[in-house]
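So the structure is just underneath, and the comments pick up after that.
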Amino acid sequence: MKILITGAAGFIGYHLTYRLIKEGYEVIGLDNINDYYDQTLKYDRLKEIGIDDLEAKSNNELIASNLFSNFRFIRMHLEDRKNLPKIFESHSFDIVCNLAAQAGVRYSIENPESYIDSNVVGFVNLLECCRNYKVPHVIYASSSSVYGQNEKVPFSVEDDVDHPVSLYAATKKSNELMAYTYSHLYGFKTTGLRFFTVYGPWGRPDMAMFLFTDAIINKKPINVFNNGDLERDFTYIDDIVNGVLKIIESKENSTQNKYKIYNIGNSKPVRLIDFITEIEEQLGVVAEKQMMPMQPGDVNRTWADVSSLKKDFNYEPITSIEEGVRQFISWYKNYYRLDDGNDSP
């Protein structure tokens, strides 16, 4: 089976790519390696799967991994209508996993154009390629942010998602609508996954886990929004990847239910202040906290109802917050070469 993964240098994309390579799938990874956050982290992820950073900086060139014979990588924008179809002309994909997107709720308020270009234009370009080159199944990343200020918990895929409170959420809702249209018109299968606050090793520097750990280790204050009275369904990366792998391996891929959406989360929301406390305890440091008001585009609580994913694919998140935090801190210290006597990168 041959799989295209977009966003392969990103947090979730890297982990899924690595897992599929190990499972023996033939994988092509695509990423534009933008500068939304430190590109060094993206290049270092690629190094872990055998892509040299100097080669990875070249646009529109397919690069073979020097570690895995079943992996190749190409740097490309999904907005590139000229070159994107060439990948599909040269390769017959069984599944496309679209994890490429301009991420970040708060950043979408400041830079709306980048979200439309990447998340809307890029996604429809990808769907067009899948239509024209007969890809049977597209798995794509949606987001828990589509639920907006929904007060009914846990969030169900049956709930109303017509009131997004950020442009990022609006683009993800638009992806779901476009996927439905393409499944309806052209008959290929689309599976949308509403991710809930994913964290773990190699995570994004703009996410809470990274921000808090980095600040505490470097003896800097942390910003605690809404005085820590927020709840998030923190979901460890391995549980996410296991869930996506179950969908890829399912024999339902080419049968009925052409259009499906699932929540994929831990289904155990944790208060933000308790999450911070767990980081403090494992680092052995009490953070200096700056209590901040609620931010525009933010929501009070996320909580995933994952019953349909459990029913259809036997999805079962198993990683506790304690274990997940421990794994992230271990990776962080190793990545920045920290030890007990050196607490700054």
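Annotations for the structure displayed:
- Test: residue 141 is crowded, with 23+ Cβ neighbours inside 10 Å, modelled with pLDDT of 95 or more, under 23 Å from residue 207 (Cβ atoms) and out of contact with any Cys (no Cβ under 8 Å at 6 or more places or on another chain): yes
- Condition check for residue 187: out of contact with any helix residue (DSSP H, G or I) (no Cβ under 9 Å at 6 or more places or on another chain) and small (Gly, Ala, Ser): yes
- Residue check for residue 152: out of contact with any Gly (no Cβ under 7 Å at 6 or more places or on another chain) and on the phi > 0 side of the Ramachandran plot: no
- Taking the stretch 1-79 and the strands (runs of 3 or more DSSP E) fully enclosed by it, the elements with 1 or more residues that are over 16 Å from the mean Cα position of the chain (by Cα), closer than 16 Å to residue 244 by Cβ and free of Cβ contacts under 8 Å to residues at least 60 places away in the same chain are at 26-31.
- Selection from the stretch 153-178 of residues that are under 29 Å from residue 110 (Cα atoms) and over 20 Å from the mean Cα position of the chain (by Cα): 159, 160, 162, 163
- Given (1) over 20 Å from residue 22 (Cα atoms); (2) out of contact with any strand residue (DSSP E or B) (no Cβ under 6 Å at 6 or more places or on another chain); (3) modelled with pLDDT of 95 or more; (4) not small (Gly, Ala, Ser), number of the condition residue 233 does not satisfy: (2)
- Some residue of the stretch 217-231 being among the hydrophobic types (A, V, I, L, M, F, W, C) and under 25 Å from residue 97 (Cα atoms): no
- Odd one out for residue 153 among (1) more than 30 Å from residue 89 (Cα to Cα); (2) touching a helix residue (DSSP H, G or I) at 6+ places or on another chain (Cβ under 8 Å); (3) modelled with pLDDT under 95: (2)
- Residue check, residue 222 out of contact with any His (no Cβ under 6 Å at 6 or more places or on another chain), aliphatic (A, V, I, L, M), buried (at least 16 other Cβ atoms within 10 Å of the Cβ) and closer than 25 Å to residue 126 by Cβ: no
- Those residues of the stretch 256-293 which are among the hydroxyl-bearing types (Ser, Thr, Tyr) and either over 25 Å from residue 158 (Cα atoms) or surrounded by fewer than 16 Cβ atoms within 10 Å (Cβ to Cβ) (or both), in sequence order: 277
- Count of the stretch 226-255 residues, restricted to those that are surrounded by 17 or more Cβ atoms within 10 Å (Cβ to Cβ) and not in a helix (DSSP H, G or I), is 7.
The values are calculated or read from the model by the stated rules, or taken from the named source; none is laboratory data. Here the structure is a predicted model, which means the values were calculated and not measured. When we count neighbours, we look across all protein chains shown, and the Cβ atoms used for this are built from the backbone with ideal geometry, even at glycine.
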